[in-house]
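A quick write-up on the structure given underneath.
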Amino acid sequence: MRTAYCVETVRRAERELMARVPEGALMQRAAAGLAAACADLLGRVYGRRVVLLVGSGDNGGDALYAGARLSRRGAGVTAVLLAPDHTHAGGLTALLRAGGRTVAPAGAEGAVRRADLVLDGIVGIGGRGGLRPEAAALAALVAEAGPAVVAVDLPSGVDADTGEVHGSAIRADLTVTFGTHKPGLLVDPAREHAGSVRLVDIGLGAELPAEPELEALQHADVAALLPTPGGESDKYRRGVVGVAAGSARYPGAAVLAVAGALRGGAGAVRYVGPAGDTVLARFPETLVSDRGPKQAGRVQAWVVGPGAGEDAGTVAEVLAADVPVLVDADGLRLADAGAVRGRTAPTLMTPHAGEAAALLGVTREEVERARLAAARELAARYRATVLLKGSTTLVADAGGAGVVRVNATGTAWLATAGSGDVLSGLAGSLLAAGLNALDAGSAGAYLHGLAGRFAAHGAPVGAHDVAAAIPEAWRDVRDRDLRD
Ligand SMILES: NC(=O)C1=CN([C@@H]2O[C@H](COP(=O)(O)OP(=O)(O)OC[C@H]3O[C@@H](n4cnc5c(N)ncnc54)[C@H](O)[C@@H]3O)[C@@H](O)[C@H]2O)[C@@H](O)CC1
Ligand SMILES: Nc1ncnc2c1ncn2[C@@H]1O[C@H](COP(=O)(O)OP(=O)(O)O)[C@@H](O)[C@H]1O
Ligand SMILES: [K+]
């Protein structure tokens, strides 16, 4: 499991650790890891030109000490001091002793244009708001000049706790973060600014609490969740998932949800709705019923909503069932909030940003700017588990207060019509197989993201390709975990 902790928790843990280690030790650990990552990126350090953007805090100190290390290895290092009267004194002395030089922002253009590498040490977890004008101008110059950029701890200008970006922020190729990931490194739009992320261990682990702010499943975590049939299994014991989806207008949504559900671990898929013939033509193994959800026979979980059109009656009927229910797409609009809140069995809602915005009464852009807050807010309002889809997929458990799962496997190729329907079938199938709503949502998103990658291989795909690649994703999770 990859975990991320918010700034307040990191600060508390750092205080506790600092009380037990020699003064300055943590910064030296951070700087050593940072310099090593820069050396890896450069390939050869000797003769390279490195520019440090140095702000007023310890983030700048990290950059200066790392710059000193690179300078000792033969790099030409220039520090641009954004706050010359408040520069980290120890770091500055170390850099100057190692042969580095300093320059004011006004005189930095030449050095930036010649640089092989720029280290962003403007602000770290002490940053508030976007970059200030002088730093923003430097960031624009760096972006235009195009050297590799390594962000120290996190890209300056992004919100470490939320992933929000207020104003301008550094765009990095690599972020070297210390002690633990911060939520902003895993949640867009900030995540996009971070590039790839490397975690440097500074010994913080033992001081961090058990419950992080965010967690991201890895192969081993998902492998442990995947349902596997045993000797005693039959199709009913593996779980039956009911899919109430599709309409005369959108029969394809039913097919795609069933396509996902058939690959999600349930023993059988029961389809209810007006697209039965279309579903059967594509998937003859589906149990099709032309009666409503109540009369369709027992299921262990329902998926309702994809392509449902205006069929509020079916949504209400499904919500009245005493089994886990996944509500997606049109179902989200048609569901009565009180009925969702009143359910005793788990509910998993799977909106994209537009659907979440409609439920919250805000704009889509507002949701995309503050995904974490939106997912938590919906989970609180509906007392349901909420999987918020998009470039970052988040799963907040019912109530919204606990740890939020973030999915790291997605690819932008999944932004294709109907791929959400596949996800709803897949996650609903995992619910029917016995996973709780948080696990079903996050393991479903994980497999779905991986399937998207495998199906796409860097080229456009349709949603049915994603569904067809789910078994490959499943095998990859299971087999790579066995090898690890
Ligand atoms: N505390 C520790 O034990 C460790 C801290 N480390 C580093 O220390 C950093 C935190 O250092 P600080 O607490 O000094 O905070 P920062 O260096 O992140 O920033 C604080 C300073 O930046 C200014 N500032 C805030 N927002 C700004 C903005 N938008 N534009 C320009 N300036 C702004 C503040 O006025 C303050 O002077 C971490 O991110 C990490 O890089 C590491 O050395 C590891 C150990
Ligand atoms: N930029 C992106 N990067 C990664 N995944 C994305 C991106 N955009 C969309 N997705 C994923 O693609 C799927 C689209 O679902 P959805 O918006 O419901 O589409 P539809 O309604 O057409 O089925 C979701 O799983 C979502 O997380
Ligand atoms: K930084």
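The values are calculated or read from the model by the stated rules, or taken from the named source; none is laboratory data. Keep in mind that this is a model prediction, so the values were computed, not measured. Cβ sites come from the backbone with ideal geometry, for glycine too, and all protein chains shown count toward neighbours.
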Of all residues making up region 216-234, the number that are crowded, with 19+ Cβ neighbours inside 10 Å and without any contact (Cβ under 8 Å) to a residue 40 or more places away in the chain = 0
Return only the number of the condition from (1) within 15 Å of the chain's Cα centre (by Cα); (2) near ligand 2 (Cβ under 8 Å from one of its atoms); (3) of a type in the set (S, T, N, Q) that Thr409 does not satisfy.
-> (2)
For Ala143, are the conditions met, namely being in the same structural domain as Ala115 (by TED's automatic domain parsing) and more than 12 Å from ligand 1 (Cβ to nearest atom)?
-> yes
Of all the residues that make up region 126-140, how many are touching a residue at least 24 places away in the same chain (Cβ under 8 Å) and near ligand 1 (Cβ under 10 Å from one of its atoms)?
-> 8
Please specify each residue of region 1-40 satisfying the condition of being closer than 24 Å to Arg191 by Cα, away from ligand 3 (no atom under 16 Å from the Cβ) and either β-branched (Val, Ile, Thr) or outside any helix (DSSP H, G or I) (or both).
-> Met1, Arg2, Thr3, Ala4, Tyr5, Cys6, Thr9
Given the conditions (1) buried (at least 18 other Cβ atoms within 10 Å of the Cβ); (2) in a helix (DSSP H, G or I), and given that Glu192 satisfies all but one, which numbered condition is not satisfied?
-> (1)
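What number of residues within region 124-161 are crowded, with 20+ Cβ neighbours inside 10 Å and not small (Gly, Ala, Ser)?
First, pick out the residues of region 124-161 that are crowded, with 20+ Cβ neighbours inside 10 Å: 124-125, 127, 131, 135, 138-139, 142, 149-161.
So of that shortlist, the ones also not small (Gly, Ala, Ser) come out as 125, 131, 138, 142, 149-150, 152-155, 158-159, 161.
Going through region 124-161 one residue at a time, the tally reaches 13.
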Would you check if there is a residue in region 67-74 being within 14 Å of ligand 3 (Cβ to nearest atom) and in a helix (DSSP H, G or I)?
-> yes
The condition from (1) of a type outside the set (D, E, K, R); (2) surrounded by fewer than 18 Cβ atoms within 10 Å (Cβ to Cβ); (3) within 16 Å of ligand 2 (Cβ to nearest atom) that Leu186 misses is numbered (2)
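Yes/no per residue for (1) assigned by TED's automatic domain parsing to the domain that holds Val118; (2) of a type in the set (Val, Ile, Thr); (3) within 13 Å of the chain's Cα centre (by Cα); (4) farther than 19 Å from Val123 by Cβ:
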| site | (1), (2), (3), (4) |
| --- | --- |
| Gly167 | yes, no, no, no |
| Thr177 | yes, yes, no, no |
| Pro183 | yes, no, yes, no |
| Val187 | yes, yes, yes, no |
| Ala194 | yes, no, yes, no |
| Val197 | yes, yes, yes, no |
| Asp201 | yes, no, no, yes |
| Leu204 | yes, no, no, yes |
| Leu208 | yes, no, no, yes |
When restricted to Arg376, Arg371, the only residue charged (D, E, K, R), under 27 Å from Trp413 (Cα atoms), touching a strand residue (DSSP E or B) at 6+ places or on another chain (Cβ under 7 Å) and surrounded by fewer than 23 Cβ atoms within 10 Å (Cβ to Cβ) is Arg376
